[in-house]
Amino acid sequence: MNQKTDSAASPAALPVAPRKPRLSLLIATGFGLGYIPFAPGTFGSLAGLLLVFLPSWLLTRGVMVFYSETLNPVLLILCALVGLSAILGVWSAGRTAEFLGKRDPQTVVVDEICGQQIAVVLGTTLPLFIRRTQTSWFLVLNWKYLLLGFILFRVFDIWKPFPARQAESLPGGWGIMADDWIAAVYAAMGLWVARALGM
């Protein structure tokens with residue numbers, strides 16, 4: 001009788017708590033922004049905006065209009081940052097959601113960070129075709145486009161027009177990230193329209 005009791009109470013028989021994915025939590029919450037008690041997604045979007053503005057400003061010493069007949073190095077760097085955010089986002093958001101036992105935890109803001117980057121970079125990059133075999137790239141980053149890109153992305157991220165809401169059903173981190181990517185495309189199209197109207 002005592003042997004059975006001792007065996008049942010042994011440490012080997014107790015359930016092992018899942019290991020806390022500290023790196024995933026750090027990235028998924030935007031280095032703690034997700035723990036802000038009010039509007040964490042908005043703060044995540046602001047971080048995404050900063051990740052577009054700061055590299056551009058530092059690389060160009062504050063000149064925020066770029067034009068070149070090849071892909072501008074600044075644009076390539078921004079695209080690389082977006083790609084890195086997307087890869088890390090899917091990984092960290094998926095692990096964090098699994099650890100917390102929630103499909104899309106409110107503390108995860110890496111999706112807003114990445115989506116905001118996509119909205120601004122895609123929405124302010126314009127390929128201008130001069131000849132059939134030559135393309136010039138025009139990248140405009142001024143405070144008006146940054147502000148408008150921020151507002152448009154937040155609106156579409158909250159609204160979730162088709163197929164953003166449907167994308168939430170994708171498994172793991174893909175479902176958390178994909179709806180923000182779609183919202184970002186809508187926001188980018190809004191920036192293109194604003195550009196076409198001369199804003």
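The values are calculated or read from the model by the stated rules, or taken from the named source; none is laboratory data. If you're wondering where the values come from, they're calculated on a predicted model, not measured in any experiment. Neighbour counts run over all protein chains shown; Cβ positions are idealised from the backbone, glycine included.
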- Residue among S7, S24 that is at pLDDT below 85 and among the small types (G, A, S): S7
- Message: I87 - would you say it is at pLDDT 85 or above, hydrophobic (A, V, I, L, M, F, W, C), closer than 17 Å to A39 by Cα and surrounded by fewer than 18 Cβ atoms within 10 Å (Cβ to Cβ)?
- Response: no
- Pairs under 9 Å by beta carbon, first residue closer than 15 Å to L170 by Cβ in region 87-107, partner modelled with pLDDT under 95 and of a type in the set (K, R), six or more apart or different chains? A97/R103
- Go through (1) modelled with pLDDT of 95 or more; (2) crowded, with 19+ Cβ neighbours inside 10 Å one by one and return the number of the condition L191 breaks. (1)
- Specify the residue that is modelled with the lowest pLDDT; the eligible residues are those in region 116-153 that are crowded, with 20+ Cβ neighbours inside 10 Å and among the polar types (S, T, N, Q). T125
- Message: Among the residues in region 31-49, are any of a type in the set (S, T, Y), part of a loop (DSSP other than H, G, I, E, B) and at pLDDT 95 or above?
- Response: no
